[in-house]
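Here the structure comes first, spelled out in structure tokens, and everything after it is commentary.
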Amino acid sequence: PTSPTSASAAPATSSPTATPYPGALSLGADAPFGIGGKTGSARVYKADLVADYTWTSPSFNSPSEQRLTGEALETQKGYNTEKPNEGNAFLFVSVKLTDTGSESIVAPSPAQFMVNYNGNNYPYRSLSSPDISVGGIRGTQYDYLIGKGGVSGYIMPGESNAVDGFLIYEVPASIDLTRATMVITLDSQHTSAWKLA
């Protein structure tokens, strides 16, 4: 009996991965969603890649909290450093959602915001509490703007009620932001993607 042979003896060649969202919007572009009086507009307007970041929290950095840990927290001037896993970096993506209709709309959960790069989806990482401030980053994390823990919430009509915040992703440090996209499932009929550079 003969043994099966490989169907292809030619060496494999690598080709660039096609962009999975060829019609992705540019940073700062608006994507409408919703129907009837429940309509909104979403915008991804900034993406920053950082090797690590510092953060502070009034409760965590208090002397009583530090004593409770039983060991020194290696804080400097009240700031703690968050480091990614080896070979990774943190990506901060800023988003804004506005209710453009006449009725309140359900805010998309942070789990509906994915960074897609090189065939992989990266979920957001939440800060542990809403009182955390991140060094060099203005604003509040999106999930704490839409309700406790960011699982669900509502956006009221009008520009003054817009939800404007950031989400954090741990991604490969070698990421090429010109080939990465932010994909948001805005509601059951609308999914939009934005280029991140």
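A few notes on this one:
- In the range 110-122, the residues that are closer than 19 Å to residue 42 by Cβ reach residues that are modelled with pLDDT of 90 or more and polar (S, T, N, Q) with C-beta atoms within less than 8 angstrom, at least six apart or across chains, in these pairs: 112/185; 114/121; 115/121; 115/181; 116/181; 122/116.
- Residue that is at pLDDT 85 or above and assigned to a loop (DSSP other than H, G, I, E, B), where the choices are 40, 34, 23: 23
- Residue within the range 135-145 that is at pLDDT below 85 and open to solvent by less than 30 Å² (accessible area, probe 1.4 Å) present: yes
- Answer residue from the range 59-75, given it is under 30 Å from residue 115 (Cβ atoms) and out of contact with any helix residue (DSSP H, G or I) (no Cβ under 7 Å at 6 or more places or on another chain) and is modelled with the highest pLDDT among those: 60
- For residue 124: the one exception among (1) open to solvent by 10 Å² or more (accessible area, probe 1.4 Å); (2) modelled with pLDDT of 95 or more; (3) touching a helix residue (DSSP H, G or I) at 6+ places or on another chain (Cβ under 6 Å): (2)
The values are calculated or read from the model by the stated rules, or taken from the named source; none is laboratory data. Computed from a predicted structure; not experimentally measured. Positions of Cβ are generated from backbone atoms using ideal geometry, with glycine treated the same way; all protein chains shown enter the neighbour counts. Side chains are part of the model used for accessible areas, which takes the heavy atoms of the whole protein and leaves out ligands, DNA and RNA. Shrake-Rupley method; radii C 1.70, N 1.55, O 1.52, S 1.80 Å.
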